[in-house]
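Visitor: Can you keep this structure in mind? I'll have questions shortly.
What follows is calculated from the coordinates using simple rules that are stated; it is not laboratory data. As the structure is a prediction and not an experimental result, all values here were calculated from the model. Virtual Cβ from ideal backbone geometry, glycine too; neighbours counted across all protein chains shown.
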Amino acid sequence: MMLKVTLHYKKFKSNYDKLHLMVYGIKIDYLIETYDKHNKLIKQYPMSDFEKIEIKKTKSLWGIKMKFMIIIFVVAFAITYVVSSTDLINDNSIKNPTYEEMVQFIGCDQTDKNIYIPGNYVCHDFTEDVLENAKELKIRAGYVYINCDYDGHAIVCFETEDRGLYFLEPQYDILFSEKEMNKMKETGQYDIPNSLFTYTFTNYNIRYWNNKII
């Protein structure tokens, strides 16, 4: 922070009756002392030589630069945070499959061969692995969370171009339609044929899709 000091002479009334100083420090006592940026005394002025003293604080260029840099940093951090914590940006190279493409992918994917390990590799992990494998093949797939009596359950969904929404139980490679899912919701039982479990079923929601850059 610098001080701009305007000193008004008593003795003169010419065009040069003001002395303007840009100083880094000022002490007003019986003398006015001006200093350079290294706090070295430049000159002393007796106060009796002046009838008026005006002092104005001005921001140094370095201080302005520092504040500008801080603002840029904060904005950049905020943008990075928003991009990393929301699903507003799509990877347009990942597309919805046709029904046949979905069936072919499920037939080739080996995630269902993985072993369920309580507490280590569960339904969430099966679902995540299918989503990642689909993403590598540019196939759009979604993470579905099912509200049930067994502390929740995760499965996969596909929005096919020709037959609409389908769901996949990734632990068993069991595929079923949106109509079948809604029927289970009406009955309150998540009961997949050929699977080893039945849940009390209240609702489901698609948490996110694998074409989001997150």
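Visitor: Under the rule of at least 5 residues apart or a separate chain, name every residue whose amide H is placed under 5 Å from the amide H of LYS212.
Guide: Under 5 Å from the amide H of LYS212 lie the amide H atoms of ASP91, each far enough along the sequence or on another chain.
Visitor: Now a separate question. Where does each of MET69, MET184, MET102 land when they are ranked from fewest to most other beta-carbon atoms within 10 angstrom?
Guide: MET69, MET184, MET102
Visitor: By count of other Cβ within 10 Å, fewest leading, how are GLU178, GLU186, GLU169 ordered?
Guide: GLU186, GLU178, GLU169
Visitor: Go through ASN120, ILE206, ILE155 and say which Cα lies farthest out towards the positive end of the charge dipole of segment 99-209; charges sit on Cβ, +1 for Lys and Arg, -1 for Asp and Glu.
Guide: Selected residue: ILE206.
Visitor: For GLU178 and GLN110, what is the calculated FRET efficiency with R₀ set at 45 Å and r taken between the beta-carbons, to the nearest 0.05?
Guide: Working from the Cβ atoms, E equals 0.95.
Visitor: With a 10 Å Cβ neighbour count serving as the proxy for reagent exposure, in which order, fewest first, do ILE72, ILE115, ILE192 appear? Could the numbers behind the result be given before it?
Guide: Working: ILE72 10, ILE115 6, ILE192 18.
Fewest-to-most Cβ neighbours within 10 Å comes out as ILE115, ILE72, ILE192.
Visitor: For LEU137, what residues show an amide H to amide H distance below 5 Å, using hydrogens built from the backbone and excluding near sequence neighbours?
Guide: none
Visitor: Apply the a/c threshold of 1.5 to the C-alpha gyration tensor of segment 99-209 and tell me whether it is rounded, prolate or oblate.
Guide: Judged from the Cα gyration tensor, segment 99-209 comes out oblate (a/c at least 1.5, b/c at or above a/b).
Visitor: Still on this structure: Full extension from LYS138 to PHE77: what is 0.36 nm times the residue separation minus their Cα-Cα distance, to one decimal in nm?
Guide: Residue separation times 0.36 nm, minus the Cα-Cα distance, leaves 19.0 nm.
Visitor: So how much slack lies between LYS95 and ILE206, counting 0.36 nm per residue of separation and subtracting their Cα-Cα distance, in nm?
Guide: This chain segment gains 38.3 nm when fully extended.
Visitor: Hey, what do the phi angles of segment 201-210 turn into as Karplus ³J(HN,Hα) couplings, whole Hz, using 6.51/-1.76/1.60 and θ = phi - 60°, x for Gly and Pro?
Guide: 10, 10, 6, 8, 8, 7, 6, 6, 10, 7
Visitor: Whole-Hz ³J(HN,Hα) for each residue in segment 111-116, computed from phi via Karplus 6.51 cos²θ - 1.76 cosθ + 1.60 with θ = phi - 60°, x for glycine and proline: what do you get?
Guide: Result, rounded to whole Hz: 4, 5, 7, 5, 9, 6.
Visitor: I've got another one for you. How many nm is it between the label spots at GLU128 and GLU186, if each spot is 7 Å from the Cα in line with the beta carbon?
Guide: Going from the GLU128 label point to the GLU186 one covers 3.6 nm.
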